[in-house]
Amino acid sequence: MGGAKVAVSFYDLYTNATLAAMTGSTPYGRIEHGALAVEGDRIAWVGPEADLPPEIDRAVQQRRDAGGAWITPGLIDCHTHLVHGGSRAREFERRLQGVTYEEIARKGGGIISTVAATREADEASLLRQSAPRLQSLLAEGITTVEIKSGYGLDMETELRMLRVARKLGEQFPVRVRTTFLGAHALPAEYKDRPDDYIDFVCREVMPRAAAEGLADFVDVFCERIAFSPAQTERVFQAAQQLGLPVKVHAEQLSDMNGAALASRYNALSADHLEHLSEDGVRAMAESGTTAVLLPGAFYFLKDDQKPPVDLLRKHGVPMAVSTDMNPGSSPAGSLLLMLNMACIFFSLTPEEALSGVTRNAARALGLSDRLGTLEAGKIADFVLWDIAEPAELAYRFGFNPCVGLIKNGELIHREVLKPKLHP
Ligand code: DI6
Ligand code: FE
């Protein structure tokens, strides 16, 4: 017998689509009459159907007519706190009566009340409570989501939150990246001893989360109601020693130079940034740190200070957009709605907003080499949309035109073969 083994490739070929590749020189990386070939879990080829190489055409095992749909990269929600116990609807009512978010936090409500509810919830209950929040994202074409801890603030509950986040990634067709946010708020046990708490976070909880493979990143809430720059820096140093990339919640309520500090630690992202100064923007530009804009929190806290989008553009800082899905400042279940809000509140263009949940969100998670654009070699995560042009994703709100979802090359929504299309 013998005979050399010939490697044979088989492709799934998606045709009859307009592609928003989110790369290249045209707006949205638009490709008319596009085709996309998938081999295994990777994109093998992207381009106008007329240019499809014959060797791919010959080896197609599955042809899928997208029926004229638009195809974008899978959406990425790069900043969420979606694993948590309970709700803060009562706090919402108090805020509507005029009590501020900061006042509530200072009186032991706010984040700390979610900590109580999260500590009470066992793993099964946390999973049950978190799953519908994740599902509402998945329905809109999210294929990658970041999930933070930070509502446990003790060893057991922080690890439980991260375990639940990992489990969600096993139970649902979504790639989960986890972030250890032990330095989110000061738990009551450490009242007036924030440095002792930071010791505990750095010496005990973070190393354990890292050792158990539960944390991909480390984040800190650097803010006057949370942790000082000096405390933030200690957390970054501990993260660096463990080889974990850092992120920061910075300049949300005040300017503490948190983004510049994080940039010195090569942070993947600095998030919120309403009070960011031009020096902070420059520091981010130098370190290649992505700005994650969270218009849901801006809206829900009725903030009037907008992030310095013009300066971010001027200095070439990439901007991502995310839900910040959390019970206190952004109980948002729709990333598409955030696109609209990013345009209306922060003056992003619809194209910038879409980049913010694809290409730049991938950057914020250190996944640019694999995700965020439609390019040969990248992971085959993409979404089919029943829209006439890509600006519609940001333009309409309260609609969900997702008609198909492909994750790791696998078709997730069956309706994909028969999308209902615009005339
Ligand atoms: N900033 C936020 O917007 C969330 N955490 C943070 O550091 C809010 C968390 C909450 O209020 O529960
Ligand atoms: Fe947040």
Row for region 89-196, column shape: gyration tensor on C-alpha, a ≥ b ≥ c, rounded if a/c < 1.5 i.e. under 1.5, prolate if a/b over b/c, else oblate; value oblate
Which whole-number percent is the relative contact order of region 175-221 (Cα, under 8 Å, 6+ apart)? 65 percent
Estimate the FRET efficiency between ALA116 and GLU286 by the formula 1/(1 + (r/R0)^6), using the beta-carbon distance for r and 25 Å for R0, to the nearest 0.05. 0.05
Label ARG94 and ALA139 with points 7 Å out from Cα along Cα→Cβ: what is the distance between them in nm? 3.1 nm
Once the dipole of region 1-122 is set up from charges on Cβ (+1 Lys and Arg, -1 Asp and Glu), the residue from the list ALA59, LEU96, ILE43 lying farthest towards its positive end is LEU96
What length, rounded to one decimal in nm, is gained on full extension from GLU103 through to PHE397, with 0.36 nm per residue of separation minus their alpha-carbon distance? 102.7 nm
Amide H contacts under 5 Å for THR178, placed H, 5+ residues apart: ILE147, ASP216, PHE217
Trypsin sites (Lys or Arg not before Pro) lying in DSSP loop within region 96-143, provided at most 15 other Cβ fall within 10 Å: LYS107
Residue-normalised accessible area of region 291-423, expressed per residue, 1.4 Å probe, Å²: 39 Å²
Give me the percent of the accessible area of region 1-151 that comes from carbon and sulfur atoms, probe 1.4 Å, all protein chains in place. 51 percent
Over region 230-301, equivalent-ellipsoid semi-axes from the Cα gyration tensor in Å: 20, 13, 11
Counting pairwise Cα distances across region 296-335, what percent come out greater than 14 angstrom? 54 percent
Of GLY110, GLY243, GLY152, which has the largest mean-square fluctuation in a 10 Å C-alpha GNM of the chain? GLY243
Expected 222 nm ellipticity per residue - DSSP helices of 4 or more, -39500 (n - 2.57), all of the chain, to 500: -9500 deg cm²/dmol
So how far apart, in nm, are the two label points at ARG63 and ASP51 if each is 7 Å from Cα heading toward Cβ? 2.1 nm
Say we join alpha carbon atoms closer than 10 Å with springs in a Gaussian network model of the chain; which of GLN305, GLN135, GLN62 then has the biggest fluctuation? GLN62
Given labels modelled 7 Å from the Cα in the Cβ direction, how far is it in nm from GLU156 to ASP41? 3.5 nm
What relative contact order, as a whole-number percentage, does the chain give when Cα pairs under 8 Å and 6 or more residues apart are counted? 19 percent
In whole percent, the Cα-Cα distances of the chain spread across 10 Å bins from 0 upward as 5, 23, 31, 24, 12, 4, 1, 0, 0
quick note, the chain, DSSP beta bridge pairs, % antiparallel (nearest 5) is 40 percent
Given a 1.4 Å probe, how much area per residue of region 179-231 is accessible, in Å²? 39 Å²
How big is region 316-378 on each of its three principal axes, counting only the C-alpha atoms and giving the largest first in Å? 38, 25, 19
I need to check one value: relative contact order of region 305-423, counting alpha carbon pairs closer than 8 Å and at least 6 residues apart, in percent. 20 percent
Along region 216-225, what does the Karplus equation 6.51 cos²θ - 1.76 cosθ + 1.60 (θ = phi - 60°) give for ³J(HN,Hα), rounded to whole Hz, x for Gly and Pro? 8, 9, 10, 10, 9, 8, 9, 6, 5, 8
Cα convex hull of region 302-423, projected area averaged across orientations, nm²: 9.2 nm²
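The values are calculated or read from the model by the stated rules, or taken from the named source; none is laboratory data. Fair warning: this is a prediction, and the values are worked out from it, not measured in the lab. Ideal geometry is used to build each Cβ from the backbone, glycine not excepted, and the neighbour counts take in all protein chains shown. Surface areas here come from the heavy atoms of the whole protein model, side chains and all, with no ligands, DNA or RNA. Shrake-Rupley method; radii C 1.70, N 1.55, O 1.52, S 1.80 Å.
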